[in-house]
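Read the structure below first, then the notes.
Laboratory data are not the source of any read-out in this text; all were calculated from the coordinates shown. Everything numeric in this text was worked out from a predicted model, so none of it was measured. Positions of Cβ are backbone-derived with ideal geometry, glycine not excepted, and every protein chain shown enters the neighbour counts.
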Amino acid sequence: MDHREQLVDTRVKDVLRTKGTLQKDADVLSASPTTIVYDCIDRMASNDFGSILVMDDGDIAGIFTERDYMRNLALEGRSSQATEVREVMTHDVVTVTPDTHLEKCLDLMTDIECRHLPVVGEDGGLTDIISMRDCTRQISEAAKSEALQLRNFITGTYPV
């Protein structure tokens, strides 16, 4: 897609720059596949996160979300204190890179019905995770900035 066809040319790296994690790996909330679901939920709640990545020897094994809890535990009558996260996590995790357009991220999230996408570097290693909220906030701020620049250009008034 040509960048001129996009509403606003923003990418994952813009979100990472805003979060302060572009130049360094973020401290992503993660758990091992054998972690008990209750412990995952406790850590998610303590950090006010809607998901936790499940990592196995440095590789992304899955992601566990609030939705996974509802569908795979609560509705099935399982105990969060007796179930390992690998039994109820989402196994097929879609990742993005810092150069991925946010519009594409939002399309992916809509298509696969998720709200979180892990970000991987050129080496395939995990660097961060972005949420639907991160994407919409960044696009909104970029659109406001672009609109202000266009208004200043049209009226000939530029900030001094």
Cut-off of 10 Å, at most 15 other beta carbons, DSSP loop: longest stretch of the chain lacking such trypsin sites (Lys or Arg not before Pro): 79-160
Net dipole in debye of the chain [+1 Lys, Arg Cβ; -1 Asp, Glu Cβ; about Cα centre; nearest 20]: 700
Segment 94-160: GluC sites (Glu not before Pro) in DSSP loop, at most 11 other beta carbons within 10 Å: Glu113, Glu122
Placed amide H near Thr83: partners under 5 Å, 5+ positions off or other chain: Val37, Tyr38
Gap separating the Cα centres of segment 15-70 and segment 86-160, nearest whole Å: 18
Relative exposure of Met89, Met132, Met70, Met109, judged by other C-beta atoms within 10 Å (fewest first): Met70, Met132, Met109, Met89
Given charges at Cβ of Lys, Arg, Asp, Glu: the chain dipole, positive-most of Met55, Val12, Thr155: Thr155
Correct option for volume of the Cα convex hull per residue in Å³ [calculated from the coordinates] among [x] 191; [y] 173; [z] 136: [z]
Aspartates and glutamates whose Cα lies under 19 Å from that of Lys144, excluding same-chain neighbours fewer than 8 positions away: Glu5, Asp9, Asp14, Glu103, Asp134
Positive-end residue of Ser131, Cys40, Gly121, charge dipole of segment 19-160 with Cβ unit charges: Ser131
Nitroxide proxy distance, nm - points 7 Å out along Cα→Cβ at Arg17 and Thr155: 2.6
Label point at Ser140 placed 7 Å out along Cα→Cβ; residues across segment 36-54 whose backbone nitrogen lies under 13 Å: none
Segment 6-100 shape via C-alpha gyration tensor axes, a/c threshold 1.5: prolate
Whole-number percent relative contact order across the chain, with pairs defined as alpha carbons under 8 Å at least 6 apart: 26
